[in-house]
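The values are calculated or read from the model by the stated rules, or taken from the named source; none is laboratory data. Here the structure is a predicted model, which means the values were calculated and not measured. Cβ placement follows ideal geometry from the backbone for every residue including glycine, while neighbour counts extend to all protein chains displayed.
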Amino acid sequence: MSKQPNIILILTDHFRADAVGASTPNLMFLAERGVEFDHAYCASPLCQPARASIITGKFPSQHGICGNQADPISEPMRAATWMNSLREAGYYMALIGKHHYLDRYGVGMDVTDDDETVKAYGFDSVLQVVDDDENMHNEDAYTHHLRDKGLLQRFREVFDSLAWECKPHPFQEEDTPDGFIGRHGVEFINGYDRSQPFYLNLSFIGPHPPYWHPGPLQHDPQAMPEPLGGSFEPPIRRGSVKYQALSLDSRENRAHYMDKCALIDRCIGRLMLSLQDRGLLEDTVVVFTSDHGDNLGDFGIWDKRFFYEQSVGVPMIAAGPGIRSGDRRSGRRISKALVSHLDLFPTFLEMAAAGRVSHHSLWGRTLGALLKGETGTHRGAVFAELATSVMIRTGGWKLVFDPEQGGVTHLYNLTRDPRELENLAGAAGYEAVAADLIRRILAHRIRLSQYTHAKEEKRLQRIRVS
């Protein structure tokens, strides 16, 4: 790239990797223009820790955000986000939608009062939208919009009667939260008149529950797959009570979920059309991903918070200048490399020519070579964390270790059992596999928390483990 590209990060909430397909034609178009990563993972399958990891390039055990309703990252970490680095490199930085850098659940405030605080994370302009349910007791840019149109009372009345079930949204698409976010993304592109490159974080709140949307259901429930993990059982009663209220009709819930994914996809299509109309498409890198996935009833779970592929795996698509696409013979380009959300930090800095990363604890690796189409191993393993659990995923294996639950809780041979239906934890004959993966987790954790000067490294560690 001869000049700094514009960069758009489209972030969603609860969007499963396998939701990208026929129901999301605009995401498929984006994938055809670039590369789709088949094995992308969040650093933690929960909103606030995952999002803090994206912006800091660190795991939850490093940045300290280990759950929702947590205190924000420290001020030094706030100053060291890659967004601040891009701003220092000359970018105009904009945030539209959800961020979850500050958790205001149950506070009862106007979150737009936080605008200046959020800007300290590296933004010049901010338009905040919180989750459905949070906007029942908080105000944000979306509730301001509804109030101005005389719709806020109606919205809250309908939501109050929703009980987290799949009922129709009371408004047209443009007046749903995601429609509102998408429209402001288009307005940003259409009105951008600065000479400097821009970074836009367009962050949708969906398809996070409740799975409601305007208009009749477009996806046929009978065409939706049954949940994995045997016959469907009532939702596991874990976490927030709101997930316990979901209907037991799993395929109908999945159909509503896919309608919500399709709504976001239409918003993305309008954004791409706006880039094309403004002549910015060829100068703009677009990255699509989600903070984590959604189990959607698989294994009896209506929640994230688990290390199954449906929850810890995320969609990741990148297209734009410097990113090689597939060709007509091979179709769209799909990378099988193990990649992490933590790779976005060095990747965006490299795209923006924003200087080298010197953080000793930055685990992510730039995706630059993969984006260009170069071959080779990106990494041999990817990790994720939540509470006291740690996951390692290699090319053929996945292990989850939790000392509070007795050690190895899950072990899967992903080559033979990609749907994770046979848990081999504790099974005879797999002791050596488990021991090797535990050793790699231990080595990973030590490297995250311990480091030394080069002189001592040479004297003490004459041989370093790669």
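Annotations for the structure displayed:
- Here Leu281 fits the description: closer than 24 Å to Glu187 by Cβ and either modelled with pLDDT under 95 or out of contact with any strand residue (DSSP E or B) (no Cβ under 6 Å at 6 or more places or on another chain) (or both).
- Contact annotation: no residue pair with Cβ atoms under 9 Å, 6 or more positions apart or on different chains, pairs a residue in the stretch 413-428 that is part of a loop (DSSP other than H, G, I, E, B) with a partner that is exposed (fewer than 12 other Cβ atoms within 10 Å of the Cβ) and aromatic (Phe, Trp, Tyr).
- Only residues that are of a type in the set (Ser, Thr, Tyr) and within 17 Å of the chain's Cα centre (by Cα) were counted in the stretch 81-103, giving 2.
- Complete set of residues in the stretch 266-300 that are surrounded by 24 or more Cβ atoms within 10 Å (Cβ to Cβ), part of a loop (DSSP other than H, G, I, E, B) and hydrophobic (A, V, I, L, M, F, W, C): Leu296
- Residue match in the stretch 336-345 (condition: among the acidic types (Asp, Glu), assigned by TED's automatic domain parsing to the domain that holds Lys58, under 20 Å from Ala369 (Cα atoms) and buried (at least 22 other Cβ atoms within 10 Å of the Cβ)): yes
- Filtered residue count, the stretch 20-33, keeping only those that are surrounded by 24 or more Cβ atoms within 10 Å (Cβ to Cβ) and over 14 Å from Arg266 (Cα atoms): 1
- Test: residue in the stretch 132-150 that is of a type in the set (A, V, I, L, M, F, W, C) and at positive phi: no
- Any pair with Cβ under 6 angstrom, 6 or more apart, that starts in the stretch 82-109 at a residue that is under 15 Å from Ala353 (Cβ atoms) and ends at one that is of a type in the set (Lys, Arg) and buried (at least 18 other Cβ atoms within 10 Å of the Cβ): none
- The residues on offer are Gly376, Gly368, Gly395, Gly380, and the sole one that is surrounded by fewer than 19 Cβ atoms within 10 Å (Cβ to Cβ), of a type outside the set (Asp, Glu) and farther than 23 Å from Ser53 by Cβ is Gly376.
- Meets criteria (modelled with pLDDT of 95 or more and touching a helix residue (DSSP H, G or I) at 6+ places or on another chain (Cβ under 6 Å)) for Glu431: no
Conditions tested, residue by residue: (1) buried (at least 18 other Cβ atoms within 10 Å of the Cβ); (2) outside the structural domain of Gly90 (by TED's automatic domain parsing); (3) part of a helix (DSSP H, G or I); (4) at pLDDT below 95.
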position	(1), (2), (3), (4)
Leu146	yes, no, yes, no
Gly150	no, no, no, no
Phe159	yes, no, yes, yes
Trp164	yes, no, no, yes
Lys167	no, no, no, yes
Pro170	no, no, no, yes
Phe180	yes, no, yes, no
Arg183	yes, no, yes, no
Glu187	no, no, yes, no
